[in-house]
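The values are calculated or read from the model by the stated rules, or taken from the named source; none is laboratory data. Just so it is clear, the structure is predicted and the values come from calculations on it, not from any experiment. Cβ placement follows ideal geometry from the backbone for every residue including glycine, while neighbour counts extend to all protein chains displayed. The protein model used for the area step is the full one, side chains on, heavy atoms only, and it has no ligands, DNA or RNA in it. Shrake-Rupley method; radii C 1.70, N 1.55, O 1.52, S 1.80 Å.
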Amino acid sequence: MDQTQKLINDGNAAVDEMLTGIIAAHPNHLWRPDNAPRAVVARHGPREGKVGLVIGGGSGHEPTFLGFVGKGLADAAAVGNVFASPPPQPVVDAALAANGGAGILFMYGNYAGDVMNFDMAAEMLEMESIEARTVVTTDDIASAPRDAREKRRGVAGNVFIFKAAGAAADMMMSLDEVERIARHANDRTYTMGVALSACSLPQTRRPNFELPVGEMEIGMGIHGEPGVRRGPLQSANAVTDEIVDAILGEMNAKAGDSVAVLVNSLGSTPLMELYIMHARVAERLAAADIRIHSALVGPYCTSMEMAGASISVMHLDDELTTMLDHPCDCAMFRVG
Amino acid sequence: MDFTTSDLQALLTDLADLMRAERDHLCALDGAIGDADHGIAMEQGMVAAAAAAREVTDGTLQDIFNAAAKGFLNAVGASSGPLYATAFMRAGKALGPEKSVPRDSLRQVIVAMAEGIAHRGKAEAGQKTMLDAWLPAAEAASAGADPSAIAAAATEGAEATSGMVAALGRAARLGDRSLGHPDPGAVSAAMIVGVICKALAAS
């Protein structure tokens, strides 16, 4: 099979070369500590008395995770290889840079590798008398049944969940409070995606799954994990309806409730298609008398060049609305 | 003939060479039920482990295993990083601060690696993970089976994962769709056991 076309120099150097470019492009937002090339830290985030919010995971999902590092959101991110959890050391490096003496909260998507590496990092920090707690995100409703929420993956809804926790930390709330709000945000965020074509790892440049032309896979994960249903490609409205139905079926929203919506590109699906999907989301929510408080449309959590999209909905209450509206200033995401 | 520090360095280099050779095969197996990167993680991890091991110039077997653990972990992270780092650290503890041990001690290495992986991954037999190769190998090793029988136990264990439904890791989300595919972590585990068994058999 032919190799996929990528603008890279060396597949094994892709992550480090990307980081060099990101630091060069955003010097006012991001820096890296000495001898910690895989820890990316917010210039104006960490400060004395503030809970340090550390996010992270594998590369290949940009702007997730490092694009959400900045004042008002995450204080630092640990960067892994493509689709692979970072080892414990960069997580520790990120936590030390984020530490303001009020404790560290780790937040990342719920994947076995990430859990092991972040847990090892927490054990290492404990030896330095730094408390690190963990909230994993589990917003992908296609990845496990509703009664097994703790087994679900974390995907694009991360941006809302991290945002809520980052705002709480920026308001100088205690570790208990930041953790509570992070869990609350996760409990009220729902995502489902659809994949139209595969992505490929820079090291292999081979499609990482087979999806014949003319087919789509509903519920596919952001690393190409098989989803819930494969079938012929349908219209934007039909696909959006299937996803919105699944989300509304879990969300338990009443008429008059408010939500935040993210229509996310998995990589190569363009804004045109995302806005077509968003139009249908808005129509469906209006019909259910659910108000869209804020909407994000674009690439927020990608899977390299995968084609496809996901829809995330956060079911807002007063507290979460305040947290989402709180200003943040990250290299790749701003509010206020 | 005893098993020495230079034997251990050579063994780790053999593992790195094997994982490099099998990288694309392991990635393809992973692509069927996971995210297609297992071969990359195993290659990067074992290459880094072997390089770190070679840098230990005047250490013990335990020092070399600990260096390999750190090298593997820091190179890959992922799932295999913590699992094989813990396995190597347990193996080092099993051999202790010695420069040379009887070759039969490699049985304890297999047992210790299996225990380390079970401890870190919190998995059990039958969940379609690398443990399904490691546990039968450890059982055979502690029962005194000859090297080829230990290796065969690991290979049979890996093959048996085709008939299992994944309960842990990324493939767990597939449910019955993981049936018919071997677990790539179990396949690479059987390869690793095979290399250790070759060293166990050498005299």
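Side notes on the structure shown:
- Checked against the criterion of being under 20 Å from A:ASP325 (Cα atoms), open to solvent by less than 10 Å² (accessible area, probe 1.4 Å) and assigned by TED's automatic domain parsing to the domain that holds A:ASP16, the stretch A:77-97 has no qualifying residue.
- Failed item, numbered, when A:VAL115 is tested on (1) β-branched (Val, Ile, Thr); (2) within 14 Å of another protein chain (Cβ to nearest Cβ); (3) crowded, with 24+ Cβ neighbours inside 10 Å: (3)
- Listing of strands (runs of 3 or more DSSP E) fully contained in the stretch A:294-336 that carry 3 or more residues being assigned by TED's automatic domain parsing to the domain that holds A:ALA279 and not hydrophobic (A, V, I, L, M, F, W, C): A:307-315
- With respect to the conditions (1) surrounded by 22 or more Cβ atoms within 10 Å (Cβ to Cβ); (2) more than 30 Å from B:HIS38 (Cα to Cα), A:LEU248 falls short on a single one, namely (1).
- Filter result (part of a helix (DSSP H, G or I) and among the charged types (D, E, K, R)) within the stretch B:126-160: B:ASP132, B:GLU139, B:GLU156, B:GLU159
- Number of positions in the stretch A:34-56 that are out of contact with any strand residue (DSSP E or B) (no Cβ under 8 Å at 6 or more places or on another chain), under 15 Å from A:VAL79 (Cα atoms) and among the small types (Gly, Ala, Ser): 1
- Within the stretch A:282-336, considering residues that are surrounded by fewer than 21 Cβ atoms within 10 Å (Cβ to Cβ) and touching a Cys at 6+ places or on another chain (Cβ under 8 Å), the one nearest to A:GLN234 (Cα to Cα): A:GLU305
- Of everything listed in (1) within 14 Å of chain A (Cβ to nearest Cβ); (2) touching a residue at least 60 places away in the same chain (Cβ under 8 Å), the single unmet condition for B:ASP176 is (2).
- Looking across B:THR86, B:THR5, B:THR13, one residue alone is among the hydroxyl-bearing types (Ser, Thr, Tyr) and more than 17 Å from the chain's Cα centre (by Cα). It is B:THR5.
- Qualifying positions in the stretch B:61-72 - without any contact (Cβ under 8 Å) to a residue 24 or more places away in the chain and facing chain A (nearest Cβ under 10 Å): B:LYS70
- Verdict on B:GLY71 being in a helix (DSSP H, G or I) and under 14 Å from the mean Cα position of the chain (by Cα): no
- Failed criterion for A:ALA74 (all others in (1) open to solvent by 40 Å² or more (accessible area, probe 1.4 Å); (2) more than 12 Å from chain B (Cβ to nearest Cβ); (3) not aromatic (Phe, Trp, Tyr) hold): (1)
- The requirement of being away from chain A (no Cβ under 14 Å) and more than 28 Å from A:GLY109 (Cβ to Cβ) is not satisfied by B:GLY126.
- Filtered residues of the stretch A:255-275 (kept if in a helix (DSSP H, G or I) and either open to solvent by 30 Å² or more (accessible area, probe 1.4 Å) or within 16 Å of A:ARG146 (Cβ to Cβ) (or both)): A:LEU271, A:MET272, A:GLU273, A:TYR275
- Total residues in the stretch A:144-181, condition small (Gly, Ala, Ser), in contact with a Leu (Cβ under 7 Å, 6 or more places away or on another chain) and farther than 28 Å from B:GLY34 by Cα: 4
- Selection of the stretch B:1-60 for residues being free of Cβ contacts under 8 Å to residues at least 60 places away in the same chain, outside any helix (DSSP H, G or I) and open to solvent by 40 Å² or more (accessible area, probe 1.4 Å) yields B:GLU55, B:THR57, B:ASP58.
- Within the stretch B:86-125, the set of residues being on the phi > 0 side of the Ramachandran plot and open to solvent by 40 Å² or more (accessible area, probe 1.4 Å) comprises B:LYS122 only.
- Taking (1) assigned to a helix (DSSP H, G or I); (2) within 19 Å of B:ALA91 (Cβ to Cβ) in turn, B:ALA123 satisfies each apart from (1).
- Here A:GLY249 qualifies as modelled with pLDDT of 95 or more and more than 18 Å from A:ALA198 (Cα to Cα).
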